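What follows is a set of notes on a single structure, which appears directly below.
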Amino acid sequence: MASPISIDLFRQSLFTDPSAVKYYQQSDGEDSYTDGNRMINLRHNGIFMEYGNPIFTEAQELSKHITIAGYEFINGHGGWTDDYILTDWVSLNNREEAEFRLHMNGLPVFSIDGRDLMKLTTTRSGNQIISYSRPLFDMDAIPLNTAQRVELPSGEDVIRSIQHDEYYERQRITKISIGYEMEMRNPSFVTLEPHWYVFYGNRWQKIEKSYIQNVIEELDEKKEGADDDDGLE
């Protein structure tokens, strides 16, 4: 189960004068709030938020690392819900980004319907946070159905399948991990299903169980055929 987080919390914390904030509906039906400069856009039926502050500030000497700046910004603007852990940060020219991903039972949580949105992301330009995105719901303490057992392929089989697939270029693989895929059945009910994931080409991709099994079966058949050939006189 999941509980919604009111957008009013962020209207109060992200705008300097909340009374000046205007509401309007976008052409796609999603809601937006703006004071003429800063803006909050609600996405995916209001369960995710994107905040932008495009006001230009002159470049200054950075006083804090982006991970610290991002942590403090989130802490002061809506705070932390659930178990979000720092998982990535990038720095390119005058633009930096920090990512804090949702974790359940110590494992990372990934996309809903193919969109990798289960994270808090802050972007900084100069010394200013210019964007902030996050889910607008709070997971219950124990959302997992522990009575249903899911068996995953072994890590060895995952590595073998990736190594023998021409799709994957080894130099572009940086991480392999078990994680949960979240599916939202309705605004208050979610399910989490474990899968193997690979960080490939700067993004996480799910490795389907059927794909791993098919590749391993093909490799085993080839090995058996080779062994049979070696045994011929």
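What the table below lists for this structure:
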quantity: Spans of strands (runs of 3 or more DSSP E) in the range 5-79 with at least 2 residues over 22 Å from residue 100 (Cα atoms); calculated: 22-25, 31-34
quantity: Search result, residues across the range 162-212 that are part of a strand (DSSP E or B) and either among the β-branched types (Val, Ile, Thr) or on the phi > 0 side of the Ramachandran plot (or both); calculated: 173, 174, 176, 178, 190, 191, 198, 207
quantity: Qualifying residue in the range 55-66 (condition: surrounded by 13 or more Cβ atoms within 10 Å (Cβ to Cβ), out of contact with any Lys or Arg (no Cβ under 8 Å at 6 or more places or on another chain) and charged (D, E, K, R)); calculated: no
quantity: In the range 82-111, the residues that are acidic (Asp, Glu) and closer than 23 Å to residue 136 by Cβ; calculated: 82, 83, 88, 97, 99
quantity: Checklist (1) over 30 Å from residue 45 (Cβ atoms); (2) in contact (Cβ under 8 Å) with a residue 60 or more places away in the chain applied to residue 174, failing item; calculated: (2)
quantity: Flag for residue 175 being touching a His at 6+ places or on another chain (Cβ under 9 Å) and modelled with pLDDT of 85 or more; calculated: no
quantity: Within the range 1-38, considering residues that are of a type in the set (Asp, Glu) and closer than 21 Å to residue 79 by Cα, the one surrounded by the most Cβ atoms within 10 Å (Cβ to Cβ); calculated: 8
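The values are calculated or read from the model by the stated rules, or taken from the named source; none is laboratory data. Everything numeric in this text was worked out from a predicted model, so none of it was measured. A quick note on method: Cβ atoms are made from the backbone with ideal geometry, for glycine too, and the neighbour counts reach across all protein chains shown.
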